[in-house]
Structures are given as structure tokens and as C-alpha cells.
1. Out of (1) at pLDDT 95 or above; (2) surrounded by 17 or more Cβ atoms within 10 Å (Cβ to Cβ); (3) farther than 18 Å from GLN3 by Cβ, what's the single condition that is false for CYS63?
2. Give segment 9-29 a look and list any residue that's over 13 Å from the mean Cα position of the chain (by Cα) and among the hydroxyl-bearing types (Ser, Thr, Tyr), or say none.
3. Out of ASP101, ASP40, which single residue is in contact (Cβ under 8 Å) with a residue 40 or more places away in the chain and more than 13 Å from the chain's Cα centre (by Cα)?
4. Look through LEU64, LEU84, LEU57 and report the one residue that is within 17 Å of MET14 (Cα to Cα), of a type outside the set (S, T, N, Q), touching a helix residue (DSSP H, G or I) at 6+ places or on another chain (Cβ under 7 Å) and part of a helix (DSSP H, G or I).
5. Just give me the residues in segment 34-57 being out of contact with any strand residue (DSSP E or B) (no Cβ under 9 Å at 6 or more places or on another chain) and crowded, with 16+ Cβ neighbours inside 10 Å, in sequence order.
6. Looking at segment 69-76, can you tell me whether even one residue there is assigned to a helix (DSSP H, G or I) and either among the hydrophobic types (A, V, I, L, M, F, W, C) or without any contact (Cβ under 8 Å) to a residue 24 or more places away in the chain (or both)?
7. Considering only residues of segment 78-101 that are touching a strand residue (DSSP E or B) at 6+ places or on another chain (Cβ under 8 Å) and β-branched (Val, Ile, Thr), which is nearest to ASP45 (Cα to Cα)?
8. Identify, from the list ARG68, ARG75, the residue that is touching a strand residue (DSSP E or B) at 6+ places or on another chain (Cβ under 6 Å) and surrounded by fewer than 17 Cβ atoms within 10 Å (Cβ to Cβ).
Amino acid sequence: MSQARIETGSNGRMEIHGDLNFASVALLWNASRQCLPEGDALDIDLSHVQRSDSAGLALLVECLRHARRAGKTIRFFNIPAQMLAIARVSALDEVLPLQRD
């Protein structure tokens, strides 16, 4: 299991790395609120997520809510197939701003 972390990528996007599960998401959420970039848009790259369960998807929903409350636009790039499958079952793929790179 790989510990989840957030980094700023070379393209300016926030990158989520590691496994997203019940234990890691709570820690990641607390850390993410302190490193959100300034500006009107927030782009999050998920290509470095190795594994995810429904807690990972809950993190995306919470990021969306937080961005909307702050008046920011948010986009999620490169959602892993496992997360996308969970999103489709729950119809969150129609709610979350998922982008292809």
C-alpha cells in the first residue's frame, strides 16, 4: 500500500499520488486544504492514484463542494478506471467534472 500525498505537478496541476482508501483520504483531505493554489481554477490530476475505493470518490465529491463554496472551478484529469467504474455505478460520473488529457 502506497501512502497518499498531494504534489504540484510541472504543469501546475495538483497531483494525487498513492492509494485512496478510508484511512488515507482523511489525512489527505486535511493536508489538501492547506495546499490549494490561488486563482479561480483548480485542476487535479489522478493519473498517479494506484488504487482507490469509494473513499477516494468521496474525496473528489468533497473537493468539488469545497471548490464551489470558494467560487473556484474544478476539473479532475486522468481518473483511474477503478474510480471511474465506481463513479459510473453511483452516477457521479455525470456530476463530477471529469476531463480527458
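1. (1)
2. The answer is SER10, and nothing else.
3. That would be ASP101, the only listed residue that is in contact (Cβ under 8 Å) with a residue 40 or more places away in the chain and more than 13 Å from the chain's Cα centre (by Cα).
4. Going through LEU64, LEU84, LEU57 in turn, just one is within 17 Å of MET14 (Cα to Cα), of a type outside the set (S, T, N, Q), touching a helix residue (DSSP H, G or I) at 6+ places or on another chain (Cβ under 7 Å) and part of a helix (DSSP H, G or I): LEU57.
5. Answer for segment 34-57, where residues must be out of contact with any strand residue (DSSP E or B) (no Cβ under 9 Å at 6 or more places or on another chain) and crowded, with 16+ Cβ neighbours inside 10 Å: just SER54.
6. Just the residues of segment 69-76 that are assigned to a helix (DSSP H, G or I), to begin with: 69.
Those left that are additionally either among the hydrophobic types (A, V, I, L, M, F, W, C) or without any contact (Cβ under 8 Å) to a residue 24 or more places away in the chain (or both): 69.
Looking through segment 69-76, at least one residue is assigned to a helix (DSSP H, G or I) and either among the hydrophobic types (A, V, I, L, M, F, W, C) or without any contact (Cβ under 8 Å) to a residue 24 or more places away in the chain (or both).
7. The qualifying residue nearest to ASP45 (Cα to Cα) is ILE79.
8. ARG75
The values are calculated or read from the model by the stated rules, or taken from the named source; none is laboratory data. Remember, it's a predicted structure, so these values are computed and weren't measured experimentally. So basically every Cβ, Gly included, is an ideal-geometry build from the backbone, and we count neighbours across all protein chains shown.
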